[in-house]
1. Mind checking which aspartates and glutamates have their Cα closer than 14 Å to the Cα of K272? Skip sequence neighbours fewer than 8 apart in that chain.
2. Using Cα-only point scatterers and the Debye equation, what is log10 of I(q)/I(0) for the chain at each q in 0.12 Å⁻¹, rounded to two decimals?
3. Using only the C-alpha atoms of the stretch 185-282, find the volume of their convex hull and express it per residue in Å³.
4. Based on the Cα atoms of the stretch 98-199, what semi-axes does the equivalent ellipsoid have, where each is the square root of 5 times one gyration tensor eigenvalue, given in whole Å with the largest first?
5. Cα atoms only, the stretch 72-115: Rg and Dmax in Å?
6. So for the stretch 1-118, what percent of the C-alpha to C-alpha distances run longer than 20 Å?
7. Kindly flag which residue pairs out of K47/K200; K7/K162; K47/K123; K7/K81 have an alpha-carbon separation exceeding 19 Å in this structure.
8. What FRET efficiency do you get for T8 and H44 if R0 is 25 Å and r is their Cβ-Cβ distance, rounded to the nearest 0.05?
Amino acid sequence: MILVFGKTGQVANELQRLSGVTTLGREDVDLSDPAAGAVAIREHAPKAVINAAAYTAVDRAEDEEHLATIINGDAPTTMAKACAALKIPMVHISTDYVFNGTGNTPYLPEDATEPQNAYGRSKLAGEIGIRESGAAHAIFRTSWVVSAHGVNFVKTMLRLSKTRDALNVVADQIGGPTPARDVAAACLQMVEQLIQEPSKSGIYHFSGAPDVSWAEFATEIFAQADRLVTITPIPTAEYPTPAKRPLNSRMDCRSTEQVFGVTRPNWQDGLKEILKDLEVTS
């Protein structure tokens with residue numbers, strides 16, 4: 001059995017659809033208590049752990065950095081220590097927000113980290129704790145996750161299109177939209193390989209292809225959903241948010257393919273599935 005932390009999030013929702021997985025939600029484990037995850041791991045004695053639980057309210061984290069750091073930093077660290085004691089591997093979902101988001105070349109897993117907001121700092125704290133725990137692990141950085149579940153860019157665009165025929169959308173942030181279903185499948189594939197080959201431990205990147213701007217992504221969403229919405233591209237400076245967003249979210253995913261055989265998914269194909277799940281298209 002593979003133990004998954006997270007039940008209601010986008011990736012956790014997709015992991016629940018897969019066999020051989022037991023999911024734990026907030027009602028089962030309160031990760032604001034860092035020891036709770038370790039206790040659950042010892043009680044369930046799984047063959048591996050996937051941590052898909054996180055504090056993901058990026059803007060709110062600016063005012064709640066302490067809580068975000070407990071959930072995203074301290075809790076995964078204690079989970080990893082419990083995994084190390086049981087000699088089982090852990091896959092932990094992280095983010096491109098650990099980088100400073102400058103330049104226009106894809107970030108490599110080994111590139112220097114320099115988070116620009118509280119959420120990114122909290123996620124980096126978790127990465128460091130896991131790396132130092134002694135557990136076999138894959139730190140799985142991804143970006144721009146979308147699905148038929150929860151709150152995400154696809155669902156926001158569809159909601160706005162019901163009442164608006166024109167939208168301003170940021171065009172100078174570039175990244176790879178990543179379907180949560182593909183993230184879940186990749187996590188499972190990687191953790192199963194880590195069980196057999198713990199030497200594959202390390203940091204890996206996974207995002208959808210091709211890289212686009214939010215404005216280009218929105219244009220494709222409305223094209224597939226057959227909704228007539230005029231998109232006006234705007235710079236990030238015209239859409240201020242409490243937390244600074246990276247302009248460059250491109251990630252180099254070649255090592256993930258080389259080590260695990262996991263390739264970048266085509267997000268346009270994933271978008272078709274999401275729109276079917278939402279019954280926007282047939």
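Every number in this text was worked out from the coordinates using simple rules, so none of it is lab data. Quick caveat: nothing in here was measured; it's all calculated off a predicted structure. With ideal geometry, Cβ positions are generated from the backbone for all residues, glycine too; neighbour counts draw on all protein chains shown.
1. Partners within reach: D182, E220, D226.
2. -0.72
3. 142 Å³
4. The equivalent ellipsoid of the stretch 98-199 has semi-axes of 31, 19, 12 Å.
5. Rg, Dmax (Cα atoms, Å): 13.9, 41.
6. Looking at the stretch 1-118, the distances longer than 20 Å represent 46 percent of pairs.
7. Violating the 19 Å Cα-Cα cut-off are K7/K162; K47/K123; K7/K81.
8. 0.85
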